[in-house]
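Below: the structure, in structure tokens.
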Amino acid sequence: MIRFEDVSVTYDGAAGPTVQGIDFEVPEGELVLLAGPSGVGKSTVLGAVGGLVPHFTGGTLRGRVTVAGRDTRTHKPRELADVVGTVGQDPLAHFVTDTVEDELAYGMESLGLAPDVMRRRVEETLDLLGLAGLRNRPIATLSGGQQQRVAIGSVLTPHPSVLVLDEPTSALDPAAAEEVLAVLQRLVHDLGTTVLMAEHRLERVIQYADQVVLLPAPGAAPVVGPPAEVMAVSPVYPPVVALGRLAAWTPLPLTVRDARRKAGHLKQQLEDAAPEGRGELRDKPRTTRTRERSAHPTPIGEVRALSVTRARVQALDHIDLTITPGETIALMGRNGAGKSTLLNALVGLVKPSSGTVLLGEAKPHRTAPKDLVRKVGLVPQEPRDLLCADTVTAECAAADKDAGAAPGTCRVLVSELLPGVTDDAHPRDLSEGQRLALALAVVLTARPPLLLLDEPTRGLDYAAKARLVAVLRALAADGHAIVLATHDVELAAELAHRVVLLAEGEVIADGPTAGIVVSSPSFAPQVTKILAPQRWLTVAQVRAALHPEAG
């Protein structure tokens with residue numbers, strides 16, 4: 001159905017090809033996962049399927065890409081629209097109408113389908129993706145995850161024979177991600193739809209793939225094969241595979257169920273090695289100054305009986321939250337629970353309808369931006385909102401100036417978070433994950449006592465996520481407080497001291513990470529599920545217990 005024949009793509013002004021030697025086939029009715037580290041060209045490969053590369057992006061495509069027999073060099077995207085449905089990393093860039101129902105119908109209108117067919121397909125898609133309750137909502141009022149589901153639904157309604165998806169679950173909570181993936185499975189198995197999908201959160205999708213196409217490094221030829229075989233050599237792999245490698249399980253398990261069947265001996269080893277209570281709240285890293293100052297440090301931020309009403313929707317309802325120095329808090333909950341609204345209230349972008357938000361003595365929504373930047377910094381879901389310069393160098397220079405930091409401060413942070421990015425790179429040419437890392441460096445330049453991050457691992461591979469975790473741990477150890485809204489249960493397990501669960505704008509649980517996630521089937525990380533009832537959260541914990549001498 002999809003055929004790449006020795007394809008390379010070189011963008012205008014680039015020193016070399018973004019991808020080269022791409023040669024593989026996606027058979028009809030299969031789900032193929034495109035994997036690899038950030039920046040290896042996965043989005044470029046996906047864009048070539050629907051003709052976006054090079055017709056829309058520019059550059060030079062060599063070799064041949066065919067979809068259902070159509071050569072994408074001679075068929076522009078509109079001439080492939082009846083065959084290929086594409087959803088990119090940024091759903092906002094995808095929308096052309098204002099409401100959910102209109103967006104679902106738009107693609108079919110463009111193809112001239114009959115009104116009764118359109119109506120039926122819209123209703124089917126609303127049910128498939130759990131969007132029925134949102135059908136009349138303005139798209140601008142939806143959460144990021146809800147927008148992602150609408151974007152996927154809008155390409156499903158024309159019933160294309162090929163779906164191309166770039167990070168389809170990146171903005172979805174675990175339950176919503178499972179629903180979307182179940183829909184894709186149904187389309188593949190029942191309707192014979194061909195799916196080519198790139199996703200960094202392999203723990204969510206690897207078990208659904210018929211085969212994996214791995215791009216191991218920039219410019220490297222792909223490795224193609226069954227998921228277990230490719231994961232054995234891949235530089236990126238989910239926690240279940242990492243645990244399998246650590247325990248030397250053969251073949252490598254790809255699912256929690258398969259891993260649990262192999263985990264008996266490992267659980268016996270850990271039963272003897274694990275001290276009682278391991279996996280409970282880790283001591284919060286505090287600076288010596290903080291410990292000496294007070295056993296109960298002054299909070300960096302306080303939320304008291306906060307309620308927020310937006311567009312007649314109760315986004316937050318009587319929220320109480322205290323944020324102390326050195327603490328990392330993960331805000332979790334389904335899409336639309338109020339996580340982003342709470343972050344926006346902390347940074348002054350949303351005015352309380354009632355209640356109070358305090359950063360020290362300051363109320364964020366009444367504090368001048370030049371003063372607020374030294375108290376709190378927010379990295380939003382869409383990092384491009386913070387980036388306005390033409391090069392990385394210019395972006396960093398502006399960040400240094402705004403923060404009153406020494407020249408070069410931001411660039412050092414960029415190098416730490418994003419090794420290999422050149423000074424003259426344009427932020428728009430970076431991948432989603434690379435833009436996020438750049439935006440994080442811009443915010444960190446001012447070293448605000450309180451750092452807020454909204455879905456910080458969206459678009460990041462496992463290595464980039466590990467670098468992010470190291471940076472955030474160092475900040476927490478230096479007394480900074482960190483609040484992150486995330487659907488990434490593995491990130492929460494690695495980083496958070498505390499988890500706050502939100503539902504319908506209310507706090508439904510607040511406590512130590514292990515105490516919250518271990519008891520939750522939706523928010524438990526893979527290691528916890530595999531080794532239950534033992535209370536392990538991460539592969540790193542297991543490795544340290546098995547090989548304490550290595551620590």
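The values are calculated or read from the model by the stated rules, or taken from the named source; none is laboratory data. Just so it is clear, the model here is predicted, and its values are computed rather than measured. Here the Cβ positions follow ideal geometry from the backbone for every residue, glycine too, while neighbour counts run over all protein chains shown. To get the accessible areas, we keep the full protein, side chains included, count just its heavy atoms, and leave off ligands, DNA and RNA. Shrake-Rupley method; radii C 1.70, N 1.55, O 1.52, S 1.80 Å.
General remarks:
- The residue of the stretch 336-380 that is farthest from V507 (Cα to Cα), among those that are of a type in the set (D, E, K, R) and modelled with pLDDT under 90, is K370.
- Going through (1) open to solvent by 10 Å² or more (accessible area, probe 1.4 Å); (2) touching a residue at least 24 places away in the same chain (Cβ under 8 Å) one by one, A176 falls short only on (1).
- When residues in the stretch 426-441 are screened for being out of contact with any Pro (no Cβ under 9 Å at 6 or more places or on another chain), open to solvent by 10 Å² or more (accessible area, probe 1.4 Å) and not in a loop (DSSP other than H, G, I, E, B), 2 of them pass.
- Scanning the stretch 58-105 for residues that are of a type in the set (D, E, K, R) and either buried (at least 17 other Cβ atoms within 10 Å of the Cβ) or not in a helix (DSSP H, G or I) (or both) turns up R62, R64, R70, D71, R73, K76, D82, D90, D98, E101, D102, E103.
- Selection within the stretch 157-193 - among the small types (G, A, S) and assigned to a helix (DSSP H, G or I): A175, A176, A177, A182
- Any hit, the stretch 132-146, residues being under 30 Å from V527 (Cα atoms), in contact with a Leu (Cβ under 8 Å, 6 or more places away or on another chain) and at pLDDT below 90: yes
- Subset of the stretch 9-41 (residues that are open to solvent by less than 50 Å² (accessible area, probe 1.4 Å), more than 24 Å from R201 (Cα to Cα) and either assigned to a loop (DSSP other than H, G, I, E, B) or at pLDDT 95 or above (or both)): A14, G16
- Scanning the stretch 505-532 for residues that are in contact with a Leu (Cβ under 9 Å, 6 or more places away or on another chain) and more than 30 Å from V313 (Cβ to Cβ) gives P512, A514, G515, V518, P525, Q526, V527, T528, I530, L531.
- For the stretch 128-140, taking the residues that are farther than 20 Å from A182 by Cα and surrounded by fewer than 17 Cβ atoms within 10 Å (Cβ to Cβ), the one that is nearest to the chain's Cα centre (by Cα) is identified as A140.
- Scan of the stretch 106-156 for residues that are among the small types (G, A, S), free of Cβ contacts under 8 Å to residues at least 12 places away in the same chain and assigned to a helix (DSSP H, G or I), ordered by number: A132, G133
- Yes/no for E167 being under 22 Å from the mean Cα position of the chain (by Cα), within 27 Å of L537 (Cβ to Cβ) and modelled with pLDDT of 90 or more: no
- The lone exception for G355 - which of (1) among the small types (G, A, S); (2) in contact with an Asp or Glu (Cβ under 9 Å, 6 or more places away or on another chain); (3) crowded, with 22+ Cβ neighbours inside 10 Å it fails: (3)
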